[in-house]
Amino acid sequence: PIRVAVTGAAGQIGYSLLFRIASGEMLGPDQPVIIQGLELPMALGALEGVAMELTDCGFPLLHGIETSSNPDEAFGDADVVMLVGSKPRGPGMLRSDLIRENGPIFIGQGKSIDANAAADAKIIVVGNPCNTNCLIAAAQAKRIPKANWTAMTRLDHNRAIGQLAQKAGVGAGDIDGVTIWGNHSPTMVPDIDRATIGGKPVADTLDAAWLADEFDGTVRTRGKAIINARGKSSAASAANAALDHIHDWFLGTGDSPYVSMAVPSKGDYGIPEGLIFSFPCRITAPWQYEIVTGLDLSDSVRDKMQGTIDELVGERESVSDLL
Ligand code: NAD
Ligand code: LMR
């Protein structure tokens, strides 16, 4: 079995995520899994209840569910690590407001993962602000390769697809070639210059003014809109995106040429090296991604890109004591 460690496993996202991992939706219909859930001591009872429910589902692929409040135990031999556990923002907050509270979690967990998880463990950070939390966790790594530390912008990618599909009156499967660049924050750059609807360029089907204003703004601020509507941050869609991120990293992107993943920059497109930045990524083999390079970016995308670079550089400076 593949061992999957999930932190914050009794939280909102965890409650949606765990059942779908156990059912085989993340790692495929032939892949047994063992789930290793980590929670704060005060939420361990709730996590034990979730474990009971998982058992009660009788999932054939679920070969074990372990619960712990000790990171060294929860990350032990883990092949996949999903870092969800952290505080979500509430109404009126920015994700970056969470940095001083959530950032320190990722020091201890980064060290524990490096010491206890499988040597080639694959990590996704979901807890916000996810790019910079990933930077903090990855900075602790001496053994696990830096490229294995990733953060989630797949929700933004899926949101962009959802908006285009809804506007065009087609299914999400008809949309391809979307990219999210940068930070999981309102400075992100949704790029649809190469996106298609039913194989045709998006600009041939949808109104340019709607694309430039409404589409762009909706995708960049969707998290806030959901908090305003629900009173709580997105959960099932976030779990779905985390599942998609790991699924595609392992099993490939099917007919899509690439997906958006926040990964350590190697300097491509002038992005400062080491920032955890969302790029278009191609999956070349199970658990192997490469940043798609050489794309010709429009002036408008390049202009917006600077804002998200500046923000991530500023976040990195603000946590320099944690790196
Ligand atoms: P939640 O409050 O419902 O659940 C979080 C869980 O984490 C709680 O059960 C809590 O006990 C646990 N936890 C807190 N600190 C922990 C620690 N140090 N170790 C282990 N567990 C810990 O929150 P949620 O709605 O599930 O959201 C979790 C995080 O995911 C938030 O930071 C949220 O902002 C973020 N998020 C990110 C995205 C994204 O696209 N990247 C999308 C949605 C939510
Ligand atoms: C989201 O995009 O839904 C999450 O990052 C939650 C949030 O705070 O917006």
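Every number here is computed from the coordinates shown, using simple stated rules; none is lab data. These numbers were taken from a predicted model, which means no experiment stands behind them. Here Cβ is always computed from backbone atoms with ideal geometry, including for glycine, and neighbour counts include all displayed protein chains.
Kirkwood's formula applied to the C-alpha pairs of the stretch 183-323 gives a hydrodynamic radius of 16.9 angstrom. Size check on the stretch 225-278: the Cα extents along the three principal axes, sorted descending, read 39, 28, 15 Å.
Each of ALA119, HIS63, GLY103 was scored by the projection of its Cα onto the charge dipole of the stretch 59-141, and the greatest displacement toward the positive side belongs to GLY103; charges sit on the C-beta of Lys, Arg, Asp and Glu. Computed across the stretch 57-179, the Kirkwood hydrodynamic radius from all distinct Cα-Cα pairs reaches 16.4 Å. At q = 0.27, 0.28, 0.30 Å⁻¹ the log10 of I(q)/I(0) for the stretch 76-133 amounts to -1.07, -1.12, -1.22, computed by Debye summation with a single uniform scatterer per C-alpha, solvent ignored. Over every Cα atom in the stretch 135-266, the radius of gyration and the widest Cα-Cα span, Dmax, amount to 15.6, 49 Å. Of the peptides 244-254, 172-182, the ranking by mean beta-carbon count within 10 Å, highest at the top, reads 172-182, 244-254. In whole angstrom, the stretch 113-153 maps to an equivalent ellipsoid with semi-axes of 17, 10, 8, each derived as √(5λ) from the alpha carbon gyration tensor and ordered largest first.
What dipole magnitude, in Debye to the nearest 20, does the chain give about its Cα centre under +1 on Lys/Arg Cβ and -1 on Asp/Glu Cβ?
420
Computed 3J(HN,Hα) for the stretch 137-143, one whole-Hz value per residue from the Karplus formula 6.51 cos²θ - 1.76 cosθ + 1.60 where θ = phi - 60°, is 4, 5, 5, 7, 7, 10, 10, glycine and proline marked x.
Residues whose amide H comes within less than 5 Å of that of GLY85, counting only those at least five positions distant or on another chain, are THR7, GLY8 (H built at 1.01 Å from N in the peptide plane). Other residues lying with their Cβ under 15 Å from the Cβ of CYS57 contribute a combined charge of -2, Lys and Arg counting +1, Asp and Glu -1. Expressed in units of 2.2 N^0.38 Å, where N is the residue count, the Cα radius of gyration of the chain is 0.95.
Normalising by residue count, the stretch 1-128 has a Cα convex hull of 101 Å³ per residue.
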